[in-house]
1. Sorted from fewest to most neighbouring beta carbons within 10 Å, what does the list 404, 289 look like?
2. May I ask you to list the aspartates and glutamates whose Cα is less than 17 Å away from that of residue 7, ignoring any residue fewer than eight positions away on the same chain?
3. If the limit is 29 Å between Cα atoms, which of 29/290; 79/391; 270/290; 78/286 go over it?
4. Rounded, prolate or oblate for region 6-400? Axes are the square roots of the Cα gyration tensor eigenvalues, ordered a ≥ b ≥ c, and the cut-off for rounded is a/c under 1.5.
5. With a 10 Å cut-off between alpha carbons and a GNM built on the chain, which of 241, 330, 77 moves the most?
6. Aspartates and glutamates within cross-link reach of residue 180: Cα-Cα under 12 Å, excluding same-chain residues under 8 positions apart?
7. Arrange 388, 90 by Cβ neighbour counts within 10 Å, fewest through most, would you?
8. Please report the relative contact order for the chain, taking Cα pairs under 8 Å with a sequence separation of at least 6, and give it as a percent rounded to a whole number.
Amino acid sequence: MHQSNIKAGTAIADITPPLEVGLLSSSIKGSYVIFESVRLPLKARVLVLESGNELVAVVALDLLALSNTSVGDWEQFKKGMSSIIPPHKIILTCTHTHNAPESAGLSSLYLTEAYRNWLNDTQTTINNAIIQAVESLQPCEVFYCVDMLKGFSLQRRISTSKGIVMSDSVQPISNELMQKQPIDHRVHTIRFKNGDKVLATVVQAACHPVHEMCIPHISAEFPGELCAVLEASGKNGLPLFLNGAAGDINPPTVSMGATDARRHGEALAKIVAQQDGLRTDEWEVKSGYKEWQLSIRPEMNMVNKGDALARFNAISLGQLAIVFLPGEVFTETALAIEKTSPFAQTIVVGFSENNIGYVPTEQAFDEGGYEIGPGKWSFLPKGADKIIMAKALELLQELHEEQYVSLAVNEKIRDEIIHAKNKNSNSEKL
């Protein structure tokens, strides 16, 4: 076990929009409708980690997604929230709730004045929250555990005589469909603790938050319900939800309402509350960033290539790594990344940085279905999943090597200090 050199700081801020900043009503039609009410406010939850010269922020947003098109210019958007931390050290990731503003650029909402004003306010809010989190930094230790939650997610791509359909079209869902592979039922929990005090609880699971989809109220959906329960207990510090590779994963109930979202969030919270976790060999925080320009299918005739610029981030805490992927990655891709990763434990997060749409596997392209498009929601060519996996693994490998170089240096310094102390002690005895 190695001594932790990590500090953690947190902050939370409200990013709930005015009702006229509407929600996506159809990605195929590219339409939106205004909200009628607020059921569950939207939040920006910030976790800042520091060790040595490393300072990195994870910003979990109760949003559908963000794209180059929807923010105007990604680099400028990130600079607007980086007064204290460099832009590439700020990791934006969305919970992917479908009851947040249509901020993915799938409709014309991003052109409205109401949307632009809300986005500018959100940018400023995130910047202020990051500053607040930095000011609250405290020494901490890291605890990690993993468990399972079944019955709340399934492989949504169902093969029928008419082709691939969504699971919600074959209600009621049979037990056989609930077991359909590939699926990842795991719930990962990372706690950052200062003594007995929990500073932050990070929870990762993979599922589309669509229990309330197309219901015209604002809601942070099951991730918001999860965080609300964890906050209410007073034992979890700041909760953050990170959605996994949920591009092909849905809950069994879609557009059924708040009751199902609440039940899902409460079930996750119950799992998290039961997890104690083991202290990790975290050593130091390391972070890395990589980007890669992907191709766009010719038939899409898209002029903004920035929407296909894939941005990757990763954080390592010793032998535990979190890799943040852009777009709606499939379960199969995430599991392959995890299996090949040089880290003992690797958590894959989707819906991060700028949205690049769905990233279907090659088999999914052959099968067809909604996720294949083509459309603003799916414009990458066949084979993009392999590029995503390769670049993610390159970043993880680089981070792994850096982590071990740092460990070797620290152990050498530690040994030199011990040797010097022993030498001084022997001299005093003489």
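Values quoted throughout were computed directly from the atomic coordinates according to the rules given, and no laboratory measurement underlies them. Computed from a predicted structure; not experimentally measured. Quick reminder, even Gly has a Cβ in these numbers, built from the backbone with ideal geometry, and neighbours come from all protein chains shown.
1. Lowest to highest Cβ neighbour count: 404, 289.
2. Those aspartates and glutamates meeting the cut-off are 50, 54, 135, 141, 196, 281, 282, 284.
3. From the list (29/290; 79/391; 270/290; 78/286), the Cα-Cα distance tops 29 Å for 29/290; 270/290.
4. Rounded, because the longest to shortest axis ratio a/c is under 1.5.
5. 77
6. Here the aspartates and glutamates satisfying the reach criterion relative to residue 180 are 248.
7. Arranged by neighbour count, lowest to highest, 388, 90 become 90, 388.
8. Answer for the chain is 17 percent.
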